[in-house]
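Written below as structure tokens is the structure these notes are about.
The values are calculated or read from the model by the stated rules, or taken from the named source; none is laboratory data. Bear in mind the structure is a predicted one, so any value in this text is a computation, not a measurement. Positions of Cβ are generated from backbone atoms using ideal geometry, with glycine treated the same way; all protein chains shown enter the neighbour counts. Protein only, heavy atoms only, side chains kept; ligands, DNA and RNA dropped before computing areas. Shrake-Rupley method; radii C 1.70, N 1.55, O 1.52, S 1.80 Å.
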Amino acid sequence: MKKVTIVLTALLLCFTLVFAFGCGGEESPTVCKDGEHQAELTLTLDEEDEFLRVFRTGVCQKCNSTVKEVAGYGALSSKSASSAINEYAKDGDVVYFTKNTYQSIINVVTEHDITITALEGEQVTLKGLKIQTEASITIDGLNFETIYSGGGINFAGNNKDVTIKNCNFKDGAYINNATHAPEVKNLVVENCTFLNYKSMKDDANIACGIYITSPNGLTVKNCSFQTQDGARGAIYCGEGGTTKGSILIEGCTFKNSGTRVIRFYDTEEDCVLAFVGNKVYEHAGYITVKDNASSARDNHGRAVIGVNSWEYIPTATTVKDVDSG
């Protein structure tokens, strides 16, 4: 009799738990009665949450219960963005910028592999992010704009496996690292736009869309480079450093690119540039892969120029010393 009572008690307890956390309860159940929930989820920021967590919320089409899942962490200011990126987010987490224009450079020092993006449906403008970590960071769908030098995305350390995609860079905002800085390894830039990338302060050393002194592997795909007031060039690499690894520039558009469309200094023997499937407008200048006779380093890299579209045939596609510019 005691065994029967125990069994009945256990069954009753199970029934109670199912009822309490089943479909249609006041609290969001973790599992729908018919399996996984089917709900159109919307990202929302809980501003009353101490950690500014971002949730996916919606109503299950099968059980009509509210679904609420943690999606990541949010930012309302440069200070909260720094906390979300460097304190709260762990490997695989997403940090969402929302609502505001961020006027300060935000340091990224986390040791975790995270994604930094904008909350769905919101246009977010930043002055810049300074990457000071070896973690693999993905930056997706942000706008960078400033009239001063140093805006955009700046690398300041031994950085590797960073992906920048679907971002817009305007005026003095660009992708860069400091002269003589450690190498930037396996950088990927995809589906980004660079507009008026000459610094408003006319700093000739950084008047580029992408300026990396020591790249070790670089992919630039499906990007647009355009300026109205002149620039040094769209992509400059290796000045004050060394260019290594495989460089792929593919499917990009270049307009008014300055004295060079692209220029690579001090290329190591293993450096191979592939320039393919690009459109170059209003420019009869150079694609320069090996130059700068004043350099103390030897130049061994080579270029593979594929099928591209040129409004004007370039006057030089060169792997020899040319005038610096």
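Pairs meeting the criteria (first residue in segment 133-155 and without any contact (Cβ under 8 Å) to a residue 40 or more places away in the chain and more than 21 Å from residue 119 (Cα to Cα), second residue of a type in the set (A, V, I, L, M) and open to solvent by 10 Å² or more (accessible area, probe 1.4 Å), beta carbons under 7 Å, at least 6 apart or on different chains) are 133/109.
Being under 12 Å from residue 164 (Cβ atoms), in contact with a strand residue (DSSP E or B) (Cβ under 7 Å, 6 or more places away or on another chain) and modelled with pLDDT of 95 or more: is that true of residue 114 here? Criteria not met by residue 114. Per this entry, residue 50 is counted among residues that are more than 22 Å from the chain's Cα centre (by Cα) and either closer than 29 Å to residue 157 by Cβ or at pLDDT 80 or above (or both).
With respect to residue 244, determine if the residue is of a type in the set (Lys, Arg) and at pLDDT 95 or above.
Numbers: of a type in the set (Lys, Arg): yes; at pLDDT 95 or above: no.
Criteria not met by residue 244.
Scanning segment 248-260 for residues being within 14 Å of residue 277 (Cα to Cα) and assigned to a strand (DSSP E or B) gives a total of 5.
Of (1) modelled with pLDDT of 60 or more; (2) open to solvent by 30 Å² or more (accessible area, probe 1.4 Å), residue 292 satisfies all except one. Which? Going through the list (1) modelled with pLDDT of 60 or more; (2) open to solvent by 30 Å² or more (accessible area, probe 1.4 Å), residue 292 breaks only (1). Residues in segment 93-112 that are open to solvent by less than 70 Å² (accessible area, probe 1.4 Å) and either hydrophobic (A, V, I, L, M, F, W, C) or part of a loop (DSSP other than H, G, I, E, B) (or both): 11 in all. Within the set 152, 141, the sole residue that is at pLDDT 85 or above, crowded, with 24+ Cβ neighbours inside 10 Å, within 12 Å of the chain's Cα centre (by Cα) and not hydrophobic (A, V, I, L, M, F, W, C) turns out to be 152.
Looking only at segment 186-208, count how many residues are touching a Leu at 6+ places or on another chain (Cβ under 9 Å) and either open to solvent by less than 40 Å² (accessible area, probe 1.4 Å) or modelled with pLDDT under 95 (or both).
Quick first cut of segment 186-208, residues touching a Leu at 6+ places or on another chain (Cβ under 9 Å) only: 186-189.
Of the ones still in play, those that are also either open to solvent by less than 40 Å² (accessible area, probe 1.4 Å) or modelled with pLDDT under 95 (or both) are 187-189.
Final tally of qualifying residues: 3.
Which one of 79, 127, 90 is touching an Asp or Glu at 6+ places or on another chain (Cβ under 8 Å) and open to solvent by 40 Å² or more (accessible area, probe 1.4 Å)? Selected residue: 127, the only one of 79, 127, 90 that is touching an Asp or Glu at 6+ places or on another chain (Cβ under 8 Å) and open to solvent by 40 Å² or more (accessible area, probe 1.4 Å).
Looking at 261, 276, 220, which is the one that is at pLDDT 80 or above and open to solvent by 40 Å² or more (accessible area, probe 1.4 Å)? Spell out how you get there, then give the answer.
Working: 261 fails: open to solvent by 40 Å² or more (accessible area, probe 1.4 Å); 220 fails: open to solvent by 40 Å² or more (accessible area, probe 1.4 Å).
The match here is 276.
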